[in-house]
Amino acid sequence: MTQRPKVLMIDDNKEICRLMKEYLERSGRYEVTVFTDARMGVRYAQIEKPDVILMDLMMPDMDGTEAAEHLLEDEATCNIPIIFITAAIKKAEVDDRLGRIHGHPILAKPVTPIEVMNEIEKVLAFT
């Protein structure tokens, strides 16, 4: 049996985290760890090195782009794919940006677990 990919979700919305974790784990395809504090999530990533990170853009302690910068500057985490998930921009704006921000895929909230799983599969296929 192959090991399930480790997904780290960093989002300050506890309910979104709970629902996404429940759905992704129930699929049987992923092992999901959640942090609602970006600094703690970055620290966890540096230690545990997940396979992919789902990152909210707007968080109170540290925004997602700043957290991503910390991960990209660290040799241990610079190659971990990051998928941004945000309510800061609309789906049409995501399309205008060709679905990327700073080279990383971006999904606009509200987002379905199926959309997230499809994006996870896309980024994992390239790693």
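The values are calculated or read from the model by the stated rules, or taken from the named source; none is laboratory data. Quick caveat, the model's predicted, so the values are computed rather than measured. Heads up, the Cβs are rebuilt from the backbone with ideal geometry, glycines too, and the neighbour counts pull from every protein chain shown.
Determine whether region 44-54 contains at least one residue that is without any contact (Cβ under 8 Å) to a residue 60 or more places away in the chain, among the basic types (Lys, Arg) and within 22 Å of Gly103 (Cα to Cα).
First, pick out the residues of region 44-54 that are without any contact (Cβ under 8 Å) to a residue 60 or more places away in the chain: 44-50, 53.
Of the ones still in play, those that are also among the basic types (Lys, Arg) are 49.
Those left that are additionally within 22 Å of Gly103 (Cα to Cα): 49.
Taking every residue of region 44-54 in turn, at least one turns out to be without any contact (Cβ under 8 Å) to a residue 60 or more places away in the chain, among the basic types (Lys, Arg) and within 22 Å of Gly103 (Cα to Cα).
Quick check on Arg29: is it among the basic types (Lys, Arg), surrounded by fewer than 23 Cβ atoms within 10 Å (Cβ to Cβ) and either modelled with pLDDT of 95 or more or in contact with a Pro (Cβ under 9 Å, 6 or more places away or on another chain) (or both)?
When the stated conditions are applied, Arg29 passes them.
Here are some conditions: (1) among the β-branched types (Val, Ile, Thr); (2) loosely packed, with under 15 Cβ neighbours inside 10 Å; (3) touching an Asp or Glu at 6+ places or on another chain (Cβ under 6 Å). Thr36 meets all but one. Which one does it not meet?
Here Thr36 meets the rest and fails (2).
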